[in-house]
Each structure stands twice: as structure tokens, then as C-alpha cells.
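Take a look at the structure set out below.
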Amino acid sequence: STSGRYRTRNRGTVDAACRIDLRFLRKRGALKEGRRTSGTLSWTRRGEPSGSMGYTVVMDDEDRRLILSYSTDGEARTVTVQLEAVPMRFGGFRYYALCPRTLRRCEVLPVVGGVVACRQAHRLTYASQSMDRLDRTRERMERCEKRLHEKPRRGRNRERLTQAWIRASALL
């Protein structure tokens, strides 16, 4: 198993890339049937601006697409990403972007080197895929500690989190 080892075939992690997230656009109200919505996506790294991109979402009956406008190395680019509406079991739709390179359905499109494509096309992994057992234990411990301190916990819930933190710290 390659879990927990450095992967030589990957080119970084999804977390390190700027990402176009359809779930974020949906929450902003940009994915409404019969509408055309425009706006700007911007990213920061350590509090500093790291990129921005203009977008237009076209949601006509048969024509659903996301048009991205940005510049890389002083060169203006426009990329059109087709959107697919998949009906959900109890009504409504879930929207997916079709990767311009592989035509895979995805909800998140990383942008690496000015190229918009899915995680697999960029050969990106998730940070957790390269963690070893010790890293996973540390992360579990940090999550428990964060939850213990984010708001006052009482009774069994606090006790349960404290016990989970103790078990995780005993493994270190």
C-alpha cells in the first residue's frame, strides 16, 4: 500500500492550488436556472492575494456553462467549462463541471499554471493521501483539541472529546 508515503507521481496537493468550487458558486446563488450571473473569484495565501478570475455562469435550458476569464504571464485567457445538471432523488439538481481535459464530472476544478482541469488531469493528490500514521494521529489530536476549545462543551460531549484527545496523544 502506498498510503502514508511520499508519492513521486503527484505534482502537489489540491489544497495548495487555487480552486473553482461549484458548491461555493451555488451558495453564492450563481447556479440558478434561467439566469446569467457574473462575478469575481479571488484567492489568498497566508493573507496575501494570490490570484483572481472573472466568471460568468450561463444557465439556460439546454446550455449550461461556466466562462472563466483570467490572465497568466500577461496573456489573457478565456476558458469555457460545460456544466451538467444531475437530478437529485427528492427534487432539484446537483451541478457538475465537466473537466475541459478529461470530461470527468467534478465539483472542484484546480487551476495550476494557468490551466483549468480536474485533480486527476493535474495529477494532484489530497494532503491526507501522503500522511503517515503519526501525521494522521497528530491531525486527529489537533481536531479534538480545536473542538474542545471552540465553544464551551459540557458533560458527556466534553468528556468524550477529552478521552479521544488522550487516546490520540498516547499514540504519539
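The values are calculated or read from the model by the stated rules, or taken from the named source; none is laboratory data. Computed from a prediction, not measured in an experiment: that's the story for all the values here. As a convention, Cβ positions derive from the backbone with ideal geometry for all residues, glycine included, and neighbour counts pool all protein chains shown. Quick note on the areas: whole protein, heavy atoms, side chains included, nothing else; ligands and nucleic acids left out. Shrake-Rupley method; radii C 1.70, N 1.55, O 1.52, S 1.80 Å.
Taking the stretch 34-59 as the range and being modelled with pLDDT under 90 and either among the acidic types (D, E) or over 17 Å from G113 (Cα atoms) (or both) as the test, the residues that pass are R46, G47, E48. Those residues that are in contact with a Pro (Cβ under 8 Å, 6 or more places away or on another chain) and under 20 Å from V58 (Cβ atoms), I need them from the stretch 95-118; list them, please. Answer for the stretch 95-118, where residues must be in contact with a Pro (Cβ under 8 Å, 6 or more places away or on another chain) and under 20 Å from V58 (Cβ atoms): just V116.
Tell me yes or no: at least one residue of the stretch 9-20 is open to solvent by 40 Å² or more (accessible area, probe 1.4 Å), farther than 29 Å from S130 by Cβ and part of a loop (DSSP other than H, G, I, E, B). No, the conditions are met nowhere in the stretch 9-20.
Regarding D63, is this residue more than 27 Å from Q129 (Cβ to Cβ) and among the acidic types (D, E)? It would help to see each step written out before you state the result.
Numbers: more than 27 Å from Q129 (Cβ to Cβ): yes; among the acidic types (D, E): yes.
Taking the combined requirement at face value, the residue satisfies it.
Selection of first residues in the stretch 128-146 that are under 14 Å from R160 (Cα atoms) and of second residues that are among the hydroxyl-bearing types (S, T, Y), restricted to Cβ pairs under 7 Å at least 6 apart or on distinct chains, gives the following pairs, ordered by first then second residue: M141/S169.
Going through V108, V112 one at a time, which residue ends up being within 30 Å of S130 (Cα to Cα), touching a residue at least 60 places away in the same chain (Cβ under 8 Å) and touching a His at 6+ places or on another chain (Cβ under 9 Å)?
So the residue among V108, V112 that is within 30 Å of S130 (Cα to Cα), touching a residue at least 60 places away in the same chain (Cβ under 8 Å) and touching a His at 6+ places or on another chain (Cβ under 9 Å) is V112.
Considering the stretch 61-82 alone, what residues qualify as being loosely packed, with under 14 Cβ neighbours inside 10 Å and either out of contact with any Gly (no Cβ under 9 Å at 6 or more places or on another chain) or not in a strand (DSSP E or B) (or both)? Those that are loosely packed, with under 14 Cβ neighbours inside 10 Å and either out of contact with any Gly (no Cβ under 9 Å at 6 or more places or on another chain) or not in a strand (DSSP E or B) (or both): D61, E62, D63, D73, G74, A76, T78, T80.
On the stretch given as the stretch 107-157, residues that are of a type in the set (A, V, I, L, M, F, W, C), part of a helix (DSSP H, G or I) and at pLDDT 80 or above total 4. Take the conditions (1) open to solvent by 70 Å² or more (accessible area, probe 1.4 Å); (2) without any contact (Cβ under 8 Å) to a residue 24 or more places away in the chain; (3) closer than 20 Å to C106 by Cβ; L41 misses just one of them, which is (1).
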